[in-house]
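The values are calculated or read from the model by the stated rules, or taken from the named source; none is laboratory data. All values derive from a computational prediction rather than experimental measurement. Every residue, glycine among them, receives a Cβ derived from its backbone with ideal geometry; neighbour counts consider all protein chains shown.
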Amino acid sequence: MIVLRARRAIVDGTERPAAVLVDGERIAAVLPYDAPVAAREIVLADDEVLLPGLVDAHVHVNEPGRTEWEGFASATRAAAAGGITTIVDMPLNSLPPTVDAAALEIKRKAADGQCTVDVAFWGGAVPGNLGELRALHEAGVAGFKCFLIDSGVPEFPPLLDPEPAMREIAAFGGLLIAHAEDGELVTTATGERYADFVASRPPASEGAAIDRLLTAARATGARVHVVHLSAAAALPALAAARADGVAVTVETCPHYLSLTAEEVPDGDTRFKCCPPVREAGNRDALWQGLADGVIDMVVSDHSPCTPELKQGDFGQAWGGIASLQLALPVVWTEARRRGHDLADVARWMAEQPAALAGLADKGHIAAGQDADLTVFAPDATLTVGEVLHRHPTTPYAGRELAGVVRGTWLRGAPIAGPRGRLLERTR
């Protein structure tokens, strides 16, 4: 057995001293800091905080089929370096997309033996695969991703009417997660001006799609989740739906919480994502949504591509930001400035994503949980240089951030090589 003693640990939603007793792959007990224990001791430095291993529920790994964009080996190494011990892989951008049980098995075989952290999987909901959803659910996917707008890849078409899929998913207690933009309100951006790109995907496009999703949720009783919320204008409708009993959860991303449209240089497509990074006032309102609990969690939406696909103007370049390794310090830098603490960050980036993905053994420092732990120095500084993603393209290059990950433990041992497991939903 091993005991990790930390003057600062996030336990039961608060920061306090603790001794975390690890027996094999599990946390056996969380004890007072000075509790005598017959175990090998590891004592954290006074400037370190013990966090639960983070869970990133929105990662595009792209393998197989587009492994030149990102693969399981490189993505999971980057996750571990960033204090993330579990990722949940999105069903699109890989070939084949994960829209039936056979495709899930192909993806699992591609991932097997390569993963430095644990990996779970989302299935996909697309036109024509209604009959495949239950089998995917029974195979252990966390839920079903759909797009209410063109996805950017032809093999994963949009689900313009999500209600039939939601009725099927509700029948077996599943979860639908949705990229919510309305294509009728989106125009094609061209040119180098970032302001033109933002204007091409207005907040109203998110609001209209979210309204459509909430209407279908009321009609079907399905659980729904809004991915990568960018437009704070949609928050009142989401809060009202939740107050009415609609089972809706919401995520946002580090880039929406840290970047602003005003600072994006014209022509710098490293900042392009869909929906877009918006103005500073919108960013402030998203932070208020987190504080109010309307936004439940923060996930990376790590969506890389080859450097060639990031070239061109804002109409041509791939829309996705690579940030998996940097998500924790990016969020902490801004959260600390706004008066939030590490207990908030652990809730947003470990507890809530684990709950969303149905991973009952993840997201907490508590007896019985997997011993997934992150040693974080919140007052240290990091200048973004080398990253372990397959490609180094990121809008955070050269930025100075608060917080350094000094160690990551997966199921009871410091991470040192590919021993990640392929997970199924556990609740």
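Taking the conditions exactly as written (among the aromatic types (Phe, Trp, Tyr), crowded, with 23+ Cβ neighbours inside 10 Å and touching a strand residue (DSSP E or B) at 6+ places or on another chain (Cβ under 7 Å)), does residue 156 satisfy them or not?
Yes; evaluated as a whole, the condition is true for this residue.
Considering only the stretch 350-399, how many residues are within 20 Å of the chain's Cα centre (by Cα), outside any loop (DSSP other than H, G, I, E, B), among the aliphatic types (A, V, I, L, M) and farther than 30 Å from residue 173 by Cβ?
2
Starting from the stretch 343-362, keep only residues that are within 14 Å of residue 121 (Cβ to Cβ), then list their pairs with residues that are modelled with pLDDT under 95 and β-branched (Val, Ile, Thr) whose Cβ atoms are within a distance under 9 Å, requiring at least 6 positions of separation or different chains.
Once the first residue is within 14 Å of residue 121 (Cβ to Cβ) and sits in the stretch 343-362, its partners that are modelled with pLDDT under 95 and β-branched (Val, Ile, Thr) give 358/426; 359/426.
Condition check ((1) modelled with pLDDT under 95; (2) out of contact with any Lys or Arg (no Cβ under 7 Å at 6 or more places or on another chain); (3) surrounded by fewer than 18 Cβ atoms within 10 Å (Cβ to Cβ)) across all residues:
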{"residue": "55", "(1), (2), (3)": "no, no, no"}
{"residue": "71", "(1), (2), (3)": "no, no, no"}
{"residue": "88", "(1), (2), (3)": "no, yes, no"}
{"residue": "102", "(1), (2), (3)": "no, yes, yes"}
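Which ones in the stretch 275-310 are among the hydrophobic types (A, V, I, L, M, F, W, C), surrounded by fewer than 22 Cβ atoms within 10 Å (Cβ to Cβ) and under 21 Å from residue 188 (Cα atoms)?
Scanning the stretch 275-310 gives a single hit, 309.
Is it true that some residue in the stretch 167-175 is closer than 23 Å to residue 266 by Cβ, charged (D, E, K, R) and assigned to a helix (DSSP H, G or I)?
The initial filter retains those residues of the stretch 167-175 that are closer than 23 Å to residue 266 by Cβ, namely none.
Taking every residue of the stretch 167-175 in turn, none turns out to be closer than 23 Å to residue 266 by Cβ, charged (D, E, K, R) and assigned to a helix (DSSP H, G or I).
Is at least one residue of the stretch 43-64 part of a helix (DSSP H, G or I) and in contact (Cβ under 8 Å) with a residue 24 or more places away in the chain?
Checked the stretch 43-64: no residue is part of a helix (DSSP H, G or I) and in contact (Cβ under 8 Å) with a residue 24 or more places away in the chain.
Take the residues in the stretch 232-257 that are among the small types (Gly, Ala, Ser) and in a helix (DSSP H, G or I), then tell me which one is surrounded by the fewest Cβ atoms within 10 Å (Cβ to Cβ).
By that ranking, first place goes to 243.
Among (1) in a loop (DSSP other than H, G, I, E, B); (2) under 19 Å from the mean Cα position of the chain (by Cα); (3) touching a residue at least 40 places away in the same chain (Cβ under 8 Å), which single condition is residue 94 missing?
(3)
Looking only at residues that are in a loop (DSSP other than H, G, I, E, B) and either free of Cβ contacts under 8 Å to residues at least 12 places away in the same chain or of a type in the set (A, V, I, L, M, F, W, C) (or both) in the stretch 177-207, which one is nearest to residue 267 (Cα to Cα)?
The residue in question is 189.
Among the residues of the stretch 99-133, how many are part of a helix (DSSP H, G or I), within 21 Å of residue 178 (Cα to Cα) and among the β-branched types (Val, Ile, Thr)?
Final tally of qualifying residues: 0.
Here's a check for you: in the stretch 208-231, which residue that is under 23 Å from the mean Cα position of the chain (by Cα), in contact (Cβ under 8 Å) with a residue 40 or more places away in the chain and assigned to a helix (DSSP H, G or I) is farthest from residue 251 (Cα to Cα)?
Of everything passing the filter in the stretch 208-231, 217 is farthest from residue 251 (Cα to Cα).
Enumerate the pairs (first residue in the stretch 386-397 and closer than 18 Å to residue 259 by Cα and touching a residue at least 24 places away in the same chain (Cβ under 8 Å); second residue anywhere and of a type in the set (A, V, I, L, M) and not in a loop (DSSP other than H, G, I, E, B)) with beta-carbon separation below 6 Å, excluding pairs fewer than 6 apart on the same chain, so at least 6 apart or on different chains.
396/326
Of everything in the stretch 399-427, what is of a type outside the set (A, V, I, L, M, F, W, C), over 23 Å from residue 122 (Cβ atoms) and modelled with pLDDT under 95? Give them in sequence order.
Correct list: 417 only.
Go through the stretch 74-91 and count every residue that is part of a loop (DSSP other than H, G, I, E, B) and of a type in the set (A, V, I, L, M).
Residues flagged as part of a loop (DSSP other than H, G, I, E, B) and of a type in the set (A, V, I, L, M) within the stretch 74-91 amount to 1.
Sort out which residues of the stretch 289-314 are not in a loop (DSSP other than H, G, I, E, B) and not basic (Lys, Arg), and write them in order of number.
Selection gives 289, 290, 291, 292, 297, 298, 302, 307, 308, 309.
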